[in-house]
1. If you rank ARG37, ARG16, ARG97 by fewest surrounding Cβ atoms within 10 Å, what's the result?
2. Taking the Cα centre as origin and putting +1 on Lys and Arg beta-carbons and -1 on Asp and Glu beta-carbons, what dipole magnitude results for the range 98-157, to the nearest 20 debye?
3. Between the range 90-158 and the range 1-59, what is the separation of their alpha carbon centroids in Å?
4. Given the peptides 144-154, 112-122, 75-85, arrange them by the average over their residues of other C-beta atoms within 10 Å, most packed first.
5. Once both axes come from the Cα atoms, what is the angle between helix 62-74 and the longest principal axis of the chain, in degrees from 0 to 90, rounded to 10?
6. Any idea how far apart GLN116 and ARG8 come out in nm if each label point goes 7 Å out from Cα toward Cβ?
7. What residue among ALA42, ILE93, ASN78 has its Cα farthest toward the positive end of the dipole of the range 21-94, where the charges are +1 on Lys, Arg and -1 on Asp, Glu, each on the Cβ?
Amino acid sequence: MGHPKRIRKKYEPPKRPYDNLEEEKKLLDEFGLRKKRELWKARTILRNFRRRAREMQAIKNPEEEKKLLDKMNKLGLNVSSLDDVLKITVKDILSRRLETIVFKKGLGNTIKHARQLIVHGHILFDKRKLTCPSFLVPVDMEDKIILSQKIKNIKQGA
């Protein structure tokens, strides 16, 4: 399990952090990320999916392959084979974050406003408050994201 006081990092920073500053800045602005650390976490998630796909191509284990494809389809990444898993980009992962989906549903005026609504607890996910903007939303739960009644009343009154 590990030591409770020593928390393991959930990301790996790039070896050359100053190589693609323009690309990272565009992604930060497009998806409303606060820090590059959030982008690095998404890249680590993508890296792990791709690593698993490469291992399964080498081993040829159909049960594990089906598990990976089902998990990715459940997240809304629409893959049908291991080759499709290798074609997925960081944008695909970032577009499944709660923050992005709240903005695309029109609950927030801007991507930063959507993030603020989530952090302040005004977004309900399956009738429960969720305050984590980086939550990867499964496709079947996407329609259960709603604005709290308190904020709806404020918007209607204004």
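Computed from the coordinates by the stated procedures, all read-outs in this text should not be read as laboratory data. Please read all numbers here as calculations on a predicted model, not as lab measurements. Positions of Cβ are generated from backbone atoms using ideal geometry, with glycine treated the same way; all protein chains shown enter the neighbour counts.
1. Ascending number of Cβ neighbours within 10 Å: ARG16, ARG37, ARG97.
2. 300 debye
3. Cα centres, the range 90-158 to the range 1-59: 23 Å.
4. Order by mean packing, descending: 112-122, 75-85, 144-154.
5. 20 degrees
6. Distance between the two pseudo-spin positions: 3.7 nm.
7. Comparing the listed Cα positions along the dipole, ALA42 ranks first.
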